[in-house]
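Worksheet for the structure shown next.
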Amino acid sequence: MNARADTIAAVATAPGAGGVGVLRVSGALAGSIARTVLGREPQPRHARYAAFRDRDEAVIDRGLLLWFPAPHSYTGEDVLELQTHGSPVVLRLLLARVVELGARHARPGEFSERAFLNGKLDLAQAEAVADLIASGSEAAARAAQRSLDGVFSERVRELTAGVVRLRVWIEAAIDFPEEEIDFLAAPQLGVDLDALRAKLGDLQAAARRGVRLADGLHAVIVGRPNVGKSSLLNALAASERAIVTEIAGTTRDVLRETIDLDGIALTLVDTAGLREAGDVVEREGIRRARAELERADLAVLVSDDVRAEADLALLADLPPRAARVVVHNKIDLVYSEPRAQRHDDTMHLWLSARSGDGLDLLVAELKRHAGVGESADGAFTARARHVAALERAGDRLAAASNALTIQRAGELAAEELRQVQHALGEITGEFSSDDLLGEIFSSFCIGK
Ligand code: GDP
Ligand code: ZN
């Protein structure tokens with residue numbers, strides 16, 4: 001059976017009482033449900049004031065009925081929207097009535113999933129719908145809107161078109177073996193490949209920034225016991241505007257604060273409680289903070305300079321991917337001035353969490369990592385899975401370039417380019433598994 005043949009329904013407005021509540025229905029039965037509710041044929045895309053009745057003809061509520069016949073609707077199917085007073089009871093009764101008339105309860109994200117399956121949105125756009133709804137700052141909302149408009153998808157498609165052009169050209173060269181060497185040695189090929197790699201590099205950078213815009217920056221504070229990690233977290237939270245929203249999945253053992261760095265959310269994690277037992281080896285703290293570190297964009301290593309050498313040795317334990325900052329805390333104890341100095345690509349800051357001296361240096365460094373102040377013109381939101389796909393595409397493109405310019409292996413280069421195409425297609429959903437779709441849409445809210 002075609003899973004999409006059935007008709008789904010859900011309350012689309014947020015739970016709780018509100019001025020208006022919206023019930024959304026999508027699928028083949030939406031039309032007959034609309035006729036039953038209205039008592040006659042609904043007019044497409046016109047708001048119609050009507051009484052919504054239960055089975056016994058008693059009025060549940062009066063409100064607006066909107067009818068969007070396929071394909072000109074959000075899901076691409078027949079869609080019915082009923083606007084009522086925003087009473088959870090009214091909405092529950094109305095939903096029950098619609099279910100009685102043949103609809104079933106929608107799963108989270110099922111409307112958007114249908115919009116994707118019916119080609120109304122590509123996958124990156126569908127994800128942008130959820131990111132727009134979840135956006136925690138103006139910058140994030142504007143950037144999500146651009147992704148929803150297709151700004152990100154368009155750049156992925158442009159890149160894909162370039163890859164396809166190159167692949168077709170190489171495959172044509174392979175089909176004329178006597179000329180293959182000449183074709184594959186054409187300088188233009190190298191130029192085109194380099195241009196594609198540069199373009200992909202730009203897109204990776206933009207997508208990484210897009211993830212930061214959507215998710216904010218995640219920093220983890222690590223270090224030996226008593227160096228002042230918790231004091232630093234508290235000092236930062238006090239100096240900047242703390243965001244009070246509860247973050248889902250907060251672990252008991254980990255202290256978390258989210259602060260607003262000029263519009264970008266910075267989540268700071270203090271790995272306190274991970275290592276209190278005195279007999280635990282020092283590195284145990286870092287090992288158990290590993291899960292946090294794996295997700296972090298930035299590691300803040302705190303030292304109090306009493307055992308600076310041992311502290312700095314911990315740098316080697318940090319995941320290579322994450323950027324790092326070293327904080328030399330408690331300068332008030334040695335009467336020294338705050339300062340910032342770069343050693344081997346790592347920024348070192350001397351400050352006092354207790355007095356607050358030099359805290360501004362850390363805030364500035366965090367803002368730099370968060371991309372605060374970078375122009376947000378044209379910025380779009382992205383997700384970690386998009387960045388991962390772009391990285392895979394980059395690896396395959398490098399391999400294609402290698403196969404072509406060094407090995408002169410046309411077949412191999414063409415195959416690598418096919419892989420690039422595949423990785424890019426995963427972003428927009430041209431290539432997607434049911435598992436991936438399930439994972440993406442199940443994290444949406446109900447009714448979206
Ligand atoms: P954690 O175990 O790394 O989280 O360290 P805490 O934040 O709990 O601090 C350990 C001790 O160092 C506490 O007594 C703090 O008051 C103290 N401390 C933290 N930062 C400073 C600082 O900048 N200067 C001084 N003098 N003491 C500090
Ligand atoms: Zn602590």
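Out of Arg224, Arg209, one residue alone is modelled with pLDDT of 85 or more and either away from ligand 2 (no atom under 16 Å from the Cβ) or on the phi < 0 side of the Ramachandran plot (or both). It is Arg209.
Candidates are the residues of the stretch 344-384 that are touching a helix residue (DSSP H, G or I) at 6+ places or on another chain (Cβ under 7 Å) and of a type in the set (Lys, Arg); the one that is farthest from Val326 (Cα to Cα) is Arg383. Does Ile440 satisfy being closer than 30 Å to Val25 by Cβ and surrounded by 15 or more Cβ atoms within 10 Å (Cβ to Cβ)? Yes, satisfied.
Residues in the stretch 312-332 that are within 16 Å of ligand 2 (Cβ to nearest atom) and either among the basic types (Lys, Arg) or modelled with pLDDT of 85 or more (or both) were compared, and the one that is surrounded by the most Cβ atoms within 10 Å (Cβ to Cβ) is Val327. The one condition from (1) assigned to a helix (DSSP H, G or I); (2) crowded, with 18+ Cβ neighbours inside 10 Å; (3) not acidic (Asp, Glu) that Ser352 does not meet is (1). From the list Leu236, Leu217, Leu232, the lone residue that is away from ligand 1 (no atom under 16 Å from the Cβ) and modelled with pLDDT of 85 or more is Leu217. Condition first: without any contact (Cβ under 8 Å) to a residue 60 or more places away in the chain and closer than 16 Å to His386 by Cα. Now tell me which residues in the stretch 436-448 satisfy that. Within the stretch 436-448, Leu436, Glu439 meet the criteria. What are the residues in the stretch 356-371 that are within 23 Å of Leu200 (Cα to Cα) and either modelled with pLDDT of 85 or more or assigned to a loop (DSSP other than H, G, I, E, B) (or both), if any? Correct list: His369, Gly371. Checking each residue in the stretch 91-100 for being of a type in the set (A, V, I, L, M) and either under 32 Å from the mean Cα position of the chain (by Cα) or surrounded by fewer than 19 Cβ atoms within 10 Å (Cβ to Cβ) (or both) picks out Leu91, Leu93, Leu95, Ala96, Val99.
For the stretch 1-42, which residues satisfy the criterion of being polar (S, T, N, Q), in a loop (DSSP other than H, G, I, E, B) and surrounded by 24 or more Cβ atoms within 10 Å (Cβ to Cβ)? Thr7, the sole residue that qualifies.
You will find that of Leu301, Leu366, the residue that is buried (at least 20 other Cβ atoms within 10 Å of the Cβ), within 15 Å of ligand 1 (Cβ to nearest atom) and within 30 Å of Ser135 (Cα to Cα) is Leu301 and no other.
In the stretch 80-95, the residues that are closer than 20 Å to Ala47 by Cβ form Cβ pairs under 8 Å with partners that are among the polar types (S, T, N, Q) and surrounded by 21 or more Cβ atoms within 10 Å (Cβ to Cβ), at six or more places apart or across chains, as follows: Leu80/Ser26; Val90/Thr84; Leu91/Thr84; Leu94/Thr84.
Screening Glu81, Glu77, Glu113 for residues that are part of a strand (DSSP E or B) and charged (D, E, K, R) leaves exactly one candidate, Glu81. Residue count for the stretch 315-336 under the criterion of being more than 30 Å from the chain's Cα centre (by Cα) and farther than 15 Å from Leu359 by Cα: the result is 3.
Scanning the stretch 53-85 for residues that are closer than 29 Å to Asn118 by Cα and surrounded by fewer than 15 Cβ atoms within 10 Å (Cβ to Cβ) yields a total of 2. Going through (1) among the β-branched types (Val, Ile, Thr); (2) within 27 Å of Leu117 (Cβ to Cβ); (3) modelled with pLDDT of 95 or more one by one, Val37 falls short only on (3).
Residues in the stretch 372-398 that are farther than 16 Å from Leu203 by Cα and surrounded by 17 or more Cβ atoms within 10 Å (Cβ to Cβ): Val372 only.
The values are calculated or read from the model by the stated rules, or taken from the named source; none is laboratory data. Keep in mind the model is a prediction, meaning the values are calculated, not measured. In this analysis, Cβ positions are derived from the backbone assuming ideal geometry, glycine residues included, and neighbour counts consider all displayed protein chains.
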